[in-house]
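Participant: Have a look at this one.
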Amino acid sequence: MATPVKGNPAGYFSSIETKYGRPVQDWIDLINASPLTKHMELVGRLKTEHGLGHGHANALVAHALAGRNQPRSAPVP
């Protein structure tokens, strides 16, 4: 297995899917549906309620929160 590039959470995605048997989008949807908003609260929830390791939970949360902060594209006229 290749080592994920530092600062690139997506580098962990294939190992997350292999280890936990769920597509990454399922995890992202779970994070986005959570009432929690703080990074470490979300990481803690994934670890305690779903058994994810810290690195995997951290990568998923970082990716999901980065997606929340992306500006939406304006519609093309």
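Participant: How much length is gained on full extension from THR18 to THR48, taking 0.36 nm per residue of separation minus their Cα-Cα distance?
Facilitator: Details: separation 30, 0.36 × 30 = 10.80 nm, distance 1.94 nm.
The THR18-THR48 span can extend by a further 8.9 nm.
Participant: Just to be sure I understand the curve: with the Debye formula and one point per C-alpha of region 12-67, what is log10 I(q)/I(0) at q = 0.23, 0.30 Å⁻¹?
Facilitator: Those come out to -0.82, -1.46, one per q.
Participant: Also: Could you compute the net charge surrounding LEU46? Neighbours are other residues with a C-beta less than 12 Å from the C-beta of LEU46; K and R count +1, D and E count -1.
Facilitator: Net charge in that neighbourhood comes out at 0.
Just so you know, all these numbers are worked out from the coordinates, no wet-lab data involved. The shown structure was predicted, so the numbers you read here are calculated from the model rather than taken from an experiment. Counting neighbours? That spans all protein chains shown, and the Cβs are built from the backbone with ideal geometry, glycine included.
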